[in-house]
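Have a look at the structure below, then the notes.
The values are calculated or read from the model by the stated rules, or taken from the named source; none is laboratory data. Just so it is clear, the structure is predicted and the values come from calculations on it, not from any experiment. Cβ sites come from the backbone with ideal geometry, for glycine too, and all protein chains shown count toward neighbours. The area values use the complete protein model at the heavy-atom level, side chains included, leaving out ligands, DNA and RNA. Shrake-Rupley method; radii C 1.70, N 1.55, O 1.52, S 1.80 Å.
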Amino acid sequence: MPSVSTGAVLSPIHLFLEADIVVKLVMIGLLLASLWTWTIIIGFALKVSSLRKEMQRFETDYREADDFDEFHRRAAGRDQPIARVFAAGVSEWRRSTAGKTIDREGTRERLATAMGATVAMEIDRISDRLNFLATVGSVAPFVGLFGTVWGIMRSFTGIAAAQSSSLAVVAPGIAEALFATAIGLFAAIPAVIAYNRYSHAVNRVEARLNRFADGFHATLSRRLEMEG
């Protein structure tokens, strides 16, 4: 049996190439999951930063506007969650006050429902890919463990075939198997951290959208008192 240096044995590439086909498939799957996880993490970081700036700018423009109808015309083209919440309120306001008689309590309820539904829809859209992070964070360690168990079973088979319990016989297979678990943890740990952090960020965005919706609802309620 040719001697292999410790550095070669511990090389990730060597461990991958020497692994069983099942363990290789597990490693490849985990590496792809890790790559996609980091893509989501980076993309979501940019998205959250952009959302915060957009909401701050929109709220500033809204507070400085003298009339929300005019502001709605100017903000109609903005592809932003907070702009769509605002547009939902304006649309419901116009439909509810278009008749000769106005049901004030019904209008208030419909305004709250329309904007609340839009907030929920926007939050669902924003947090769409977070479920993948949660899945990777919970499943990847077990997938890596499956690769480890399979690799260890292969090592015991090698022991039986060689009729030797020497560490030189079993160690390479166990090292390859444990490498699968390491890749599973490499994929899972960032996913769990990112999921927790970004779930908190989404909750803050949702709270901010709800505060804006409540404030706009109050504005429309005061205007409703002057209608008719």
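Picking from Leu178, Phe68, Val23, whose Cα lies most toward the positive end of the charge dipole for the chain (charges on Cβ: Lys, Arg +1; Asp, Glu -1)?
Result: Phe68, furthest along the dipole toward the positive end.
Can you give me the accessible area per residue for the chain, using a 1.4 Å probe, in Å²?
On the way: 13110 Å² over 228 residues.
That works out to 58 Å² for each residue.
Please give the net charge around Ala175, taking every other residue with its beta carbon less than 15 angstrom from that of Ala175, where Lys and Arg add +1 and Asp and Glu add -1. Provide the component values of the computation, followed by the final result.
Numbers: positive: Lys24, Arg154; negative: Glu18, Asp20, Glu176.
Net charge around Ala175: -1.
What is the angle, in °, between the Cα long axis of helix 81-96 and the longest principal axis of the Cα atoms in the chain? Nearest 10 is fine, range 0 to 90.
The angle comes out at about 40 degrees.
Taking just the alpha carbons, could you work out the radius of gyration and Dmax for segment 12-227, both in angstroms?
Looking at segment 12-227, its Cα Rg and Dmax stand at 27.5, 95 Å.
Before rounding to the nearest 500, sum -39500 (n - 2.57) across all DSSP H runs of length at least 4 in the chain and divide by the residue total; then give [θ] at 222 nm in deg cm²/dmol. Walk me through the numbers before you get to the answer.
Values: 8 runs with 195 residues, N = 228.
So the helix-based figure for the chain works out to -30000 deg cm²/dmol.
Using a Förster distance of 45 Å, how high is the FRET efficiency between Met153 and Ala120, based on the Cβ-Cβ distance and rounded to 0.05? Mind dumping the intermediate values first?
Numbers: r = 48 Å, r/R0 = 1.07.
Efficiency at R0 = 45 Å is approximately 0.40.
Mind checking the angle between helix 167-226 and the chain's longest principal axis? C-alpha axes, 0 to 90 degrees, to the nearest 10.
0
Taking springs between alpha-carbon atoms closer than 10 angstrom, which of Phe179, Phe86, Phe156 fluctuates most in the Gaussian network model of the chain?
Phe156
On the protein heavy atoms, probe 1.4 angstrom, tell me the percent of accessible surface of the chain carried by carbon and sulfur. Walk me through the numbers on the way to the answer.
Details: 8080 of 13110 Å².
Accessible surface attributable to carbon and sulfur in the chain totals 62 percent.
Using only Cα atoms, locate the centre of segment 26-69 and the centre of segment 117-134, then give the distance between them in Å, rounded to an integer.
Computed from Cα coordinates, the inter-centre distance equals 11 Å.
Between Arg197 and Leu178, what length in nm is gained on full extension when 0.36 nm per residue of separation is reduced by their alpha carbon distance?
Working: separation 19, 0.36 × 19 = 6.84 nm, distance 2.89 nm.
Extra length from Arg197 to Leu178 when fully extended: 4.0 nm.
Local charge sum around Arg125 (other residues, Cβ-Cβ under 11 Å, Lys/Arg +1, Asp/Glu -1)?
Details: positive: Lys47, Arg84, Arg129; negative: Glu122, Asp124, Asp128.
Spelling it out: positives minus negatives among the neighbours equals 0.
How far is helix 104-126 tilted off the main Cα axis of the chain, in degrees rounded to 10, range 0 to 90?
Approximately 20 degrees, to the nearest ten.
Per residue, how big is the convex hull around the C-alpha atoms of segment 1-101? Give it to me in cubic angstrom, could you?
On the way: hull volume 15.5 nm³, N = 101.
With only Cα atoms used, segment 1-101 gives 153 Å³ per residue.
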